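Engineer: Structure provided below as structure tokens; questions to follow.
The values are calculated or read from the model by the stated rules, or taken from the named source; none is laboratory data. A quick note: this is a predicted structure, and the numbers were derived from the prediction, not measured. Neighbour counts run over all protein chains shown; Cβ positions are idealised from the backbone, glycine included. Heavy atoms of the whole protein, side chains included, go into the accessibility calculation; ligands, DNA and RNA do not. Shrake-Rupley method; radii C 1.70, N 1.55, O 1.52, S 1.80 Å.
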Amino acid sequence: MKAYVVESPRKGAVMETEMPTPADDEILVEVKAAGVCGTDVHIYKGDYFGEYPRIPGHEFSGVVKAIGKHVTKYQVGDRVAADPNIFCEGCDACKENKQNFCVDMHAVGVTRHGAFAQYLTVPERCVFPMGDLSFTVAAMVEPLSCAVYAQEKMGIPLGSSVLIIGAGPVGLIHLQLAKMNGAYEVTISDIIESKVAFAKTLGADRAVTSQELEQMGVERSFDVVIDCTGVPEAVEGAVKYVKDAGTLFLFGVCPDNSSININPYEIFKRELTITATYALKKTYGKALRLAQSGQVDLLAVVDRRLELDEVPDLFTELESGNSGLKVIVYPNGIVD
Ligand SMILES: [Zn+2]
Ligand SMILES: [Zn+2]
């Protein structure tokens, strides 16, 4: 089969590799659509904890090609998507229902081979039937499930005002979920004007450039501020927008050696909550149902569709930052 393999940091190529064989409890999936995410870029660049060579890609959908002998719920030909996270369900964290801190956590496309390939294997317990969703939308359920997990934790009270910093794919998903959760007003900002303009079409009450946000006089006026940039300077600058007793939520992933300056007296005096979520935990099924209900427009955040052969150039390009929205790769040819 053909796969995009990162052989070592910054060295990736599409090559012929051996087709994986499903273990007894695993399913072999013919990958139809695979989303490109910041994690994939980290794997490409080498700032990640796993081993090389690695086939990245953890946001995917496809068709069951073969099943292991203990698989009971799926048959060859079923249309499926999957939660890429594989928890042991036996360690202390798992037993306390904190599976995203599992000491033996694995993930498709991170610690084992992923979806930028014609085929991959995944345990049956991670797989979900995707129904009649398009393959493209089904591949977007994984980032949606991360956002669902985050919004469950942050809590957006009815009638609250929300500020989202960063109008990339996850910012645009958070925008839609915040509205559904009962925010009376959602403001979104970005440094790129085309992203600001697009956010308006997805229901933002106010979509502004970062510069405009600075000049609006909206300090201390948002119940919840969600950072979707992962840029330390943006996080530092976000504190001033949080209302007294409000929440600053870090969804974007900052570099792990970064630091910011926050006045602890301000946290005390204003009763600020600063929190985050790590990956996702058991929200994939909920996200799938939301996608199937049509209440979240996932297709709107997809702006590029690529064949597998175009992936090496894409990663070279993404290394220097991403000014676009979601890229979907179709390892077996472009489909809906
Ligand atoms: Zn991802
Ligand atoms: Zn565990």
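Engineer: How many residues, within region 61-91, are surrounded by 18 or more Cβ atoms within 10 Å (Cβ to Cβ) and within 11 Å of ligand 2 (Cβ to nearest atom)?
Structural biologist: 3
Engineer: In region 99-120, what count of residues is obtained for those that are among the hydroxyl-bearing types (S, T, Y) and without any contact (Cβ under 8 Å) to a residue 60 or more places away in the chain? If you could, list the steps in order and put the result at the bottom.
Structural biologist: From region 99-120, those among the hydroxyl-bearing types (S, T, Y) are 111, 119; that's our starting set.
Narrowing the set further to residues that are without any contact (Cβ under 8 Å) to a residue 60 or more places away in the chain leaves none.
Within region 99-120, residues that are among the hydroxyl-bearing types (S, T, Y) and without any contact (Cβ under 8 Å) to a residue 60 or more places away in the chain number 0.
Engineer: A follow-up question, please. Can you report the number of residues in region 155-176 which are away from ligand 1 (no atom under 16 Å from the Cβ) and in contact (Cβ under 8 Å) with a residue 40 or more places away in the chain? So that I can check it myself, show each step before the final result.
Structural biologist: Here is the first cut: in region 155-176, the ones away from ligand 1 (no atom under 16 Å from the Cβ) are 155-165, 167, 175-176.
Now drop any that are not in contact (Cβ under 8 Å) with a residue 40 or more places away in the chain, which leaves 155-157, 160-165, 167, 176.
Summing the residues that are away from ligand 1 (no atom under 16 Å from the Cβ) and in contact (Cβ under 8 Å) with a residue 40 or more places away in the chain in region 155-176 gives 11.
Engineer: If you don't mind, there's one more thing I want to ask. Given the condition in contact with a strand residue (DSSP E or B) (Cβ under 8 Å, 6 or more places away or on another chain) and without any contact (Cβ under 8 Å) to a residue 12 or more places away in the chain, answer yes or no: does some residue in region 228-246 qualify?
Structural biologist: no
Engineer: Same structure, new question: Have a look at I67, I43 and point out the one that is of a type in the set (A, V, I, L, M, F, W, C), within 14 Å of ligand 1 (Cβ to nearest atom) and at negative phi. Walk me through how you get there before you give the answer.
Structural biologist: Numbers: I67 fails: within 14 Å of ligand 1 (Cβ to nearest atom).
Just one listed residue meets the conditions, I43.
Engineer: With the condition being open to solvent by 60 Å² or more (accessible area, probe 1.4 Å), I'd like the strands (runs of 3 or more DSSP E) fully within region 213-288 carrying at least 3 qualifying residues. It would help to see each step written out before you state the result.
Structural biologist: Values: elements: 222-227, 242-250, 273-276.
Answer list for region 213-288: 242-250.
Engineer: Give the residue, chosen from D303, D313, D309, that is free of Cβ contacts under 8 Å to residues at least 40 places away in the same chain and in a helix (DSSP H, G or I).
Structural biologist: Numbers: D303 fails: in a helix (DSSP H, G or I); D309 fails: free of Cβ contacts under 8 Å to residues at least 40 places away in the same chain.
That would be D313, the only listed residue that is free of Cβ contacts under 8 Å to residues at least 40 places away in the same chain and in a helix (DSSP H, G or I).
Engineer: With L177, L158, L163 as the choices, which residue is in a loop (DSSP other than H, G, I, E, B) and either more than 16 Å from ligand 2 (Cβ to nearest atom) or at pLDDT 95 or above (or both)? It would help to see each step written out before you state the result.
Structural biologist: On the way: L177 fails: in a loop (DSSP other than H, G, I, E, B); L163 fails: in a loop (DSSP other than H, G, I, E, B).
L158 is the lone residue from the list that is in a loop (DSSP other than H, G, I, E, B) and either more than 16 Å from ligand 2 (Cβ to nearest atom) or at pLDDT 95 or above (or both).
Engineer: For the structure I just gave you, tell me whether R289 is farther than 28 Å from E152 by Cβ and modelled with pLDDT of 95 or more. Reasoning before the result, please.
Structural biologist: On the way: farther than 28 Å from E152 by Cβ: no; modelled with pLDDT of 95 or more: yes.
In short, no.
Engineer: When both residues are 6+ apart or on different chains and their Cβ atoms are under 7 Å apart, which pairs have a first residue that lies in region 78-98 and is polar (S, T, N, Q), and a second that is within 16 Å of ligand 1 (Cβ to nearest atom)?
Structural biologist: N85/M105; N85/A107; N85/A279; N85/L280
Engineer: Just checking, how many residues over region 92-111 are under 30 Å from R305 (Cα atoms) and crowded, with 20+ Cβ neighbours inside 10 Å?
Structural biologist: To start, the set of residues in region 92-111 that are under 30 Å from R305 (Cα atoms) comprises 106-111.
Now narrow it down to the ones that are crowded, with 20+ Cβ neighbours inside 10 Å: 108-110.
Adding up the residues that qualify gives 3.
Engineer: Name the residues in region 172-197 that are more than 22 Å from V148 (Cβ to Cβ), touching a strand residue (DSSP E or B) at 6+ places or on another chain (Cβ under 9 Å) and surrounded by fewer than 20 Cβ atoms within 10 Å (Cβ to Cβ), would you?
Structural biologist: Hits for region 172-197 are I191, I192, E193, A197.
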